[in-house]
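Presented below is the structure to which this report refers.
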Amino acid sequence: MNAGIIIRHCDAELEQVFESAAKLGFHHGQLVSWDPTLWTEVQAERIPPLCQKYGIELTAFWCGWEGPKFWNFTEGPETLGIVPVAYRARRVQNLLDGAAFARRLGLKDVVTHMGFIPENMTDPNWPGVVAAVKAVARDLKQHDQNLLFETGQETPVTLLRLFEAVGTGNLYVNLDPANLIMYGKANPVDALDILGAYVRGVHAKDGLYPTNGRELGHEVKVGSGKANFPALLSALRSHGFDGSLTIEREISGNEQIRDIADTKEYLETLIEAL
């Protein structure tokens, strides 16, 4: 395992993002982009030289999508991912376009949030969600790519049920332990009993459980929340995971930089002790 970092895909400041990651001592990064207008051949040609210059290997492409998004329990189910029918077709296309951009960069793994996947197979929206995921997964499979679901908005067994229903063999998990906690969906260590064999990516992020039924729990610095990282890394190792623990700290400014640096040191100590 190794400690990685989020690489925000922007335009004018792209080199500064790589430079900042390198200054913090990172050699692995997950490229994250929410702007489909940047998924061009010109942008694709800019990124490999930056990887080489700053000694950073990209591990996956985190693919965002267009339209409204509210990270809560009220508007969230109606706005996030491909679950809402009103945005589904456009976002399926976003994922296909993002996967094509990832291929230009030589990346096999495409990560996203799919939204609040129905937990009941008799839900009228269930067949449409399965069909949409299957369409994206089949396209990616033709190009030897994988579709990774970032955990959080669904219980682990719901995600497993969807993988079984789609059945393309290229659906995997980007485990975000904080999201599982912040959405109140699972203890991340226990979640590996269900999803451990499917984990191909991990976000090193921590959080607290919700305290009301409308808002997510709070994201906090790794080691100060409810995620048991020593137990989590041990469980990940037992399931054969040996990839990047991509640090994600959803604040800004100097505190974010300090927390990322501290988390890198913390994770590397845990990794060395495995």
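The values are calculated or read from the model by the stated rules, or taken from the named source; none is laboratory data. Quick caveat, the model's predicted, so the values are computed rather than measured. When we count neighbours, we look across all protein chains shown, and the Cβ atoms used for this are built from the backbone with ideal geometry, even at glycine.
Can you spot a residue in the range 48-66 that is among the aliphatic types (A, V, I, L, M), in a helix (DSSP H, G or I) and either touching a helix residue (DSSP H, G or I) at 6+ places or on another chain (Cβ under 9 Å) or in contact (Cβ under 8 Å) with a residue 24 or more places away in the chain (or both)? Can you show your working first?
Pass one, the range 48-66, residues among the aliphatic types (A, V, I, L, M): 50, 56, 58, 60.
Going one step further and asking which of them are in a helix (DSSP H, G or I), we end up with 50.
In the following step, the residues that additionally are either touching a helix residue (DSSP H, G or I) at 6+ places or on another chain (Cβ under 9 Å) or in contact (Cβ under 8 Å) with a residue 24 or more places away in the chain (or both) were identified as 50.
Yes, the range 48-66 contains at least one residue that is among the aliphatic types (A, V, I, L, M), in a helix (DSSP H, G or I) and either touching a helix residue (DSSP H, G or I) at 6+ places or on another chain (Cβ under 9 Å) or in contact (Cβ under 8 Å) with a residue 24 or more places away in the chain (or both).
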Only listed residue being within 16 Å of M114 (Cβ to Cβ), among the acidic types (D, E) and without any contact (Cβ under 8 Å) to a residue 60 or more places away in the chain, chosen from E154, E219: E154
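Report, by residue number, each residue of the range 159-198 that is of a type in the set (D, E) and touching a residue at least 60 places away in the same chain (Cβ under 8 Å). Full working, then the answer.
Kept after step one, since they are of a type in the set (D, E), are these residues of the range 159-198: 164, 176, 190, 193.
Once the filter is applied, which keeps residues that are of a type in the set (D, E) and touching a residue at least 60 places away in the same chain (Cβ under 8 Å), the range 159-198 yields only D176.
Which residues, taken from the range 73-85, are exposed (fewer than 14 other Cβ atoms within 10 Å of the Cβ) and in contact (Cβ under 8 Å) with a residue 12 or more places away in the chain? Working first, answer last.
To start, the set of residues in the range 73-85 that are exposed (fewer than 14 other Cβ atoms within 10 Å of the Cβ) comprises 74-75, 85.
T74, V85, listed by residue number.
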Does D97 meet the test of being of a type in the set (D, E, K, R), surrounded by 17 or more Cβ atoms within 10 Å (Cβ to Cβ), within 22 Å of Q43 (Cβ to Cβ) and at pLDDT 95 or above? no
Out of (1) within 22 Å of T40 (Cα to Cα); (2) loosely packed, with under 14 Cβ neighbours inside 10 Å; (3) not aromatic (F, W, Y), the one M121 does not meet is (1)
Determine the pairs where a residue that is under 15 Å from K53 (Cβ atoms), located within the range 16-41, has a partner that is assigned to a helix (DSSP H, G or I) and among the charged types (D, E, K, R) with Cβ atoms under 9 Å apart, the partner being 6 or more residues away or on another chain. F18/K53; E19/K53; A22/K53; F26/K264
Here's a check for you: in the range 139-163, which residue that is loosely packed, with under 15 Cβ neighbours inside 10 Å and under 20 Å from the mean Cα position of the chain (by Cα) is farthest from E219 (Cα to Cα)? D144
